[in-house]
1. Consider residue 206 carefully, then state whether it is touching a residue at least 24 places away in the same chain (Cβ under 8 Å) and either in contact with a Cys (Cβ under 7 Å, 6 or more places away or on another chain) or not aliphatic (A, V, I, L, M) (or both).
2. Please determine, by comparing only the residues of segment 233-257 that are acidic (Asp, Glu) and surrounded by fewer than 22 Cβ atoms within 10 Å (Cβ to Cβ), which one is nearest to residue 419 (Cα to Cα).
3. Could we say that residue 331 is in contact (Cβ under 8 Å) with a residue 24 or more places away in the chain and either in the same structural domain as residue 268 (by TED's automatic domain parsing) or farther than 25 Å from residue 374 by Cα (or both) here?
4. Against the condition surrounded by 21 or more Cβ atoms within 10 Å (Cβ to Cβ) and farther than 25 Å from residue 114 by Cα, how does residue 382 come out, does it pass?
5. Taking segment 367-386, which residues are in a loop (DSSP other than H, G, I, E, B) and at pLDDT 95 or above?
6. Before we move on, is residue 183 over 20 Å from the mean Cα position of the chain (by Cα) and surrounded by fewer than 17 Cβ atoms within 10 Å (Cβ to Cβ)?
7. Quick one: count up the residues across segment 156-180 that are in contact (Cβ under 8 Å) with a residue 40 or more places away in the chain and either more than 20 Å from the chain's Cα centre (by Cα) or surrounded by fewer than 18 Cβ atoms within 10 Å (Cβ to Cβ) (or both).
8. For the structure I just gave you, tell me whether residue 18 is at negative phi, of a type in the set (S, T, N, Q) and assigned to a helix (DSSP H, G or I).
Amino acid sequence: MNAQALRKPRISRLEEAQADLHARTQRSRKMAADRSEVINGAMAASGIAPPPIFIADNQGAHFTDLDGNSYLDTCMGFGVHVLGHRPKVVADAIKAQADKGWHFSLRGADQLAYAHRIQAASPTNQRVVLANTGTEATLYAIRAARALTGKTKIALFDISYHGAHDTALVWAAPGSTPEQVVPMTLGHGIPAAVTDDVLLLPYRHPLAIAAIRAQAHELAAILVEPVQGSNPEGDVGPFLAELRAVCDEFGIILIFDEVLTGFRLGYQGAQGKFGIAADISTYGKVAGGGLPIGVVAGKADLMATFGDFTAAKGIFFGGTFSGNPMSIAAGLAALSELQARPDIYAHVDRLTAKVTQGFNAHAEANNYPARIVSCGSMWQVFFQSEALSSFDYAGKEAEGAFYLHCLAQGLFIHATHRCFFSAAHTEADADFVLDVLSQSLAATREDGLI
């Protein structure tokens, strides 16, 4: 047998990374197998699925999995933890409240102090309603707009996420174009008629404003993520100003879904960053300090609909755990800290800018078809198609390999690919992120995937 025949096949960089992760995540993989027999629901994934990871504990900017592996976290509870995991100020508040009780049948005194923190986020947050989740908040905001105007149609933007209720789950069907956006519902079990009450629009496109003008007489409200979680571009101010102007012109209620951007892009969220106020705002995530919460806030005359549901234009809302004392305690502690420390926002924005600029310069210099899009402390890597100005995907296989290499090197980027920095991340962490992203690009190219 000659030397050629004895030579082992080359193991790709991807196979090496997969084997390494497989060996290091035995307990997590067993947990995934055990759970699959009892608990429905899978982690979102694209391309090459990473091994299942289960978190044992977390602190600051890191977490440890069931096998004892440590990772630098860029998901941060899907953007929840601006202060980092388990910040002392929030942990102390949770412990103190637990000693007094964790669920009441009546309202607690801290709700008023919490509502004042919400009011400070926007000059139009004159009245506040408490809920449990961002999904509830956007559902109630839509219901309020319909009750106030007597109209049923809501304008939404494609690829935006507003929760899991029926109206929010209307996206563009495959093959849609800005000129012709065809609505479809995500998943089954949603009446097709839901799409009749949705005007689906292309985000940041002139045709969106034209469509709003054409159907203004039917519209109760425009619901918009001021910065889309799926595409965190920061130069959206002019478009938001156009939305504000057209709503003022036709008497349409403008709802900002700040569940993701609220208290993350700054204490005043997107409204403060871009200098544009909404009529009604919804909040969640950061506003709960790591515990579940939803908030609807807005102008006093509009929020009057959240009263007696038997009154003219009154709506029904409620929830056993709405404004529960544990979420209020955690949220009040987190918001008080963020309101008192604007330096936190300067810090996380600086880290994001460092990674964005460093990665994009490296990718351009080495002809990698990728770049980071970011706004404030929100950022995401996008792979390009052949045209460098077209950011769809270079290919699911390449993308999946890239993120698996990141995980193998101890950098956790969730399968949704949405990334966030927190007060607990350091300059050294930003350097680590840059190094891992660069090495992951190189390994993906070495295998011929990009």
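The values are calculated or read from the model by the stated rules, or taken from the named source; none is laboratory data. All figures in this text were calculated on a predicted structure; none of them were measured in a lab. With ideal geometry, Cβ positions are generated from the backbone for all residues, glycine too; neighbour counts draw on all protein chains shown.
1. no
2. So, considering only residues that are acidic (Asp, Glu) and surrounded by fewer than 22 Cβ atoms within 10 Å (Cβ to Cβ), the one nearest to residue 419 (Cα to Cα) is 233.
3. So residue 331 passes the test.
4. Criteria not met by residue 382.
5. Those that are in a loop (DSSP other than H, G, I, E, B) and at pLDDT 95 or above: 376, 377.
6. No: the conditions fail for residue 183.
7. Counting residues in segment 156-180 that are in contact (Cβ under 8 Å) with a residue 40 or more places away in the chain and either more than 20 Å from the chain's Cα centre (by Cα) or surrounded by fewer than 18 Cβ atoms within 10 Å (Cβ to Cβ) (or both) gives 1.
8. In short, yes.
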